[in-house]
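Colleague: First the structure, then my questions, so here it is.
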Amino acid sequence: MRSFIGSILFFVYVVVYTPIHATLLLLVSPFISIRNRYVFACWWNALNIKMLRLLCNIQYKVEGMEHLPNTGAIILAKHQSAWETFAIPANLLPRQLCLVYKKELQFVPFFGWALWVLRMVPIDRKNGVEAFEQVKTMAGKRMKEGAWMMFFPEGTRVPVGYKRRYKTGGTRLAVATGTPVVPVAHDAGEYWKRKGFFKKAGTVTLRFGPPISPEGHDADSLMKVVEDWIESEMHNISPHRYNSAETPLVGKGDN
């Protein structure tokens, strides 16, 4: 019953508070630096995590923070839920993350406007090769300013116990810029399912892996190392869900 009521209350909180926080961000943005805009924006992330704990009893534990490098990095994370989009940026503070997103999202009221103000990297997927060159140019600039890039290689949220084909955008950028990648595994989908409204109480495990150098790799071989680490950790974190030697693959539109 707590999860049922808590899920409804969390939805109400997000609907009411998100426009307020986004509006405040837009108002203060002309007067503060990009980094401070990001920190201000991440208060929303951190508050979401606290509200999920308070209302839905979703706790979490973080492992592997000691692996994070002091230099630049590219985060490549498993994508099961909306939870990790809140938690990863909040837990990596004061490091600033920069996301690559579909350019159409910047027209979404409040959320999209915040992406634009934070100078995230929009991409027009219809442009193919040109789209990556655009990402490389814009991301390279943001990385020189100290930001870490973050990608979800599977491209969209994937049901627990499954995986999608890992796309090489993040590793192409890593190889092109000589930047190490940090793989991330978690089981947030156990407690907040993709396309799910109701949450389940429990403790999410968020695990950061050791940085992987792009030296000696092309984009495909580097992504293979990342995929192997993430999927291996998924078997360790959720053995009851990943109980076969090879994680089943789902395609676009699959549930």
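The values are calculated or read from the model by the stated rules, or taken from the named source; none is laboratory data. Every value quoted in this text rests on a predicted model; they were computed, and no experiment measured them. What goes into the accessible areas is simple: the full protein's heavy atoms, side chains included, and nothing from ligands, DNA or RNA. Shrake-Rupley method; radii C 1.70, N 1.55, O 1.52, S 1.80 Å.
Colleague: Comparing Leu27, Leu97, Leu54, which has the greatest mean-square fluctuation in the GNM of the chain with Cα pairs linked when under 10 Å apart?
Modeller: Looking only at Leu27, Leu97, Leu54, the biggest GNM fluctuation is shown by Leu27.
Colleague: Continuing with the same structure: In whole angstrom, how long is each semi-axis of the equivalent ellipsoid of region 115-221, when you take the square root of 5 times every eigenvalue of its Cα gyration tensor and sort them from largest down?
Modeller: 27, 17, 15
Colleague: Rg(Cα) of region 45-109 divided by 2.2 N^0.38 Å?
Modeller: 1.28
Colleague: Rank these by accessible area, largest first, 1.4 Å probe: Met65, Met234.
Modeller: Solvent-accessible surface, decreasing: Met65, Met234.
Colleague: Still on this structure, I have one more. May I ask you to give the solvent-accessible area per residue for the chain, in square angstrom, as obtained with a 1.4 angstrom probe?
Modeller: 49 Å²
Colleague: Using a 1.4 Å probe on the protein heavy atoms only, what accessible surface does Asp220 show? Give it in Å² to the nearest 10.
Modeller: Near enough 110 Å² of accessible area.
Colleague: Among DSSP beta bridges lying fully in the chain, give the percent that are antiparallel, nearest 5.
Modeller: Percentage antiparallel, nearest 5: 15.
Colleague: By its C-alpha gyration tensor, with a ≥ b ≥ c as the square roots of the eigenvalues, how is region 1-51 shaped: rounded for a/c under 1.5, else prolate for a/b larger than b/c, else oblate?
Modeller: Oblate shape, in that a/c is at least 1.5 and b/c is the bigger or equal ratio.
Colleague: Taking only complete DSSP H runs, can you tell me which helices of the chain stretch 30 Å or more along their own long axis by Cα positions and average at least 0.0 on the Kyte-Doolittle scale?
Modeller: Span-like helices in the chain: 2-28, 34-56.
Colleague: Obtain the radius of gyration and the Kirkwood radius of the chain from its C-alpha atoms and give Rg over Rh.
Modeller: 0.95
Colleague: May I pose another question? In whole percent, and with a 1.4 Å probe on the protein chains, what portion of the accessible area of the chain is carbon and sulfur?
Modeller: Its accessible area is 60 percent carbon and sulfur atoms.
Colleague: Could you tell me, in Å, what Rg and Dmax come out for the Cα atoms of region 70-168?
Modeller: In order Rg, Dmax, the Cα atoms of region 70-168 give 13.6, 37 Å.
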